[in-house]
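Only one structure is covered here, and it is reproduced in the block below.
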Amino acid sequence: MQFVRTVSVGLPRDKEWAGIGRTSIDKRPVTGPVAVGELGIEGDQVSDTRHHGGPDQAVYAYAREDLDFWERELGMPIRDGQFGENLTTEGIDVNDLEIGTRLRVGEPGVGILVEAVYVRTPCNDFKGWMGESGYDPRAWVRRFTAEARPGPYLRVLETGTIAPGDAIEVVHRPGHGRTIRDMFVALNTDRSRLPDLLVVDGLLPKVRAKAEEFVSRTARSLPPAEPVA
């Protein structure tokens, strides 16, 4: 079964290690149904609006299976919501979702319809939060990046109400084969894979711009073609 284990929200809190002096990464579970709008879940507020939030980063999902992986790596328990995710999922590999996959969360007409459109990029705030929470923060950003288990940001296509335990149904697969993990790798560890993302219809403009810039820069660096005899 594919379902939402936990729905978590957070408000800005002052933290000296946060880049802008405050952060909303400390997400805590809700106990009942909660409304979800185009900009996110009721009770969840973005601190750094320059790098987070907006329709293309309305809801962040992370799999319990990936938290379990990190539990084994770090040798300590990790609660749902610890990574700043709004939805802790179970039974679905959210990193292997194709970019543009649409998910129905909850019952039709009541729940929400979301689309996987972007990836979480680890930052020093994430490192600071892990350190404050009692984990070893040394090289955390590098370690998280190397594993390519980013979790997707979801765009809300149909608003509604969700609750812990709601089923997750894949209702649309684009078929291009480029996954959330592929996007993360292309943006963070292997830029040579950026052109692969250009087959994605509806690719976020900022991602498409990076891919097209890479293609253009690569083309300019190639030696002239040999004349045909």
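The values are calculated or read from the model by the stated rules, or taken from the named source; none is laboratory data. Keep in mind that this is a model prediction, so the values were computed, not measured. All Cβ positions, glycine included, derive from the backbone under ideal geometry; neighbour counts span all protein chains shown.
The table below lists the values:
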item	result
Residue identified as within 15 Å of the chain's Cα centre (by Cα), crowded, with 19+ Cβ neighbours inside 10 Å and under 23 Å from residue 92 (Cβ atoms) among 59, 30	59
Pairs where the first residue, in the stretch 109-137, is polar (S, T, N, Q) and the second is assigned to a helix (DSSP H, G or I) and buried (at least 19 other Cβ atoms within 10 Å of the Cβ), C-beta under 8 Å, 6+ apart	121/184; 121/187
Which listed residue, of 203, 194, 187, 198, is more than 29 Å from residue 30 (Cα to Cα), among the hydrophobic types (A, V, I, L, M, F, W, C) and in a loop (DSSP other than H, G, I, E, B)	203
Odd one out for residue 47 among (1) crowded, with 22+ Cβ neighbours inside 10 Å; (2) without any contact (Cβ under 8 Å) to a residue 60 or more places away in the chain; (3) within 18 Å of residue 151 (Cα to Cα)	(3)
Scope the stretch 103-154; condition surrounded by 23 or more Cβ atoms within 10 Å (Cβ to Cβ), of a type in the set (Val, Ile, Thr) and over 17 Å from the mean Cα position of the chain (by Cα); matching residues	112
Members of the stretch 113-151 found to be at pLDDT below 95 and among the hydroxyl-bearing types (Ser, Thr, Tyr), listed by number	121
Hits in the stretch 155-173 - residues which are over 16 Å from residue 63 (Cα atoms) and under 18 Å from the mean Cα position of the chain (by Cα)	155, 156, 157, 173
Residue 161 modelled with pLDDT under 95 and either touching a Gly at 6+ places or on another chain (Cβ under 8 Å) or β-branched (Val, Ile, Thr) (or both)	no
Condition broken by residue 91, with the remaining ones in (1) closer than 22 Å to residue 182 by Cβ; (2) surrounded by 15 or more Cβ atoms within 10 Å (Cβ to Cβ) satisfied	(2)
Selection count, the stretch 1-25, where residues are surrounded by 18 or more Cβ atoms within 10 Å (Cβ to Cβ) and in a loop (DSSP other than H, G, I, E, B)	5
The stretch 158-182, subset touching a Leu at 6+ places or on another chain (Cβ under 8 Å) and closer than 10 Å to residue 98 by Cβ, residue surrounded by the most Cβ atoms within 10 Å (Cβ to Cβ)	180
Every pair of residues 6+ apart whose Cβ atoms lie under 6 Å, when the first sits in the stretch 147-176 and is more than 22 Å from residue 84 (Cα to Cα) while the second is of a type in the set (A, V, I, L, M, F, W, C) and assigned to a loop (DSSP other than H, G, I, E, B)	176/200
In the stretch 194-229, residue farthest from residue 178 (Cα to Cα) [restricted to those that are modelled with pLDDT under 90 and polar (S, T, N, Q)]	221
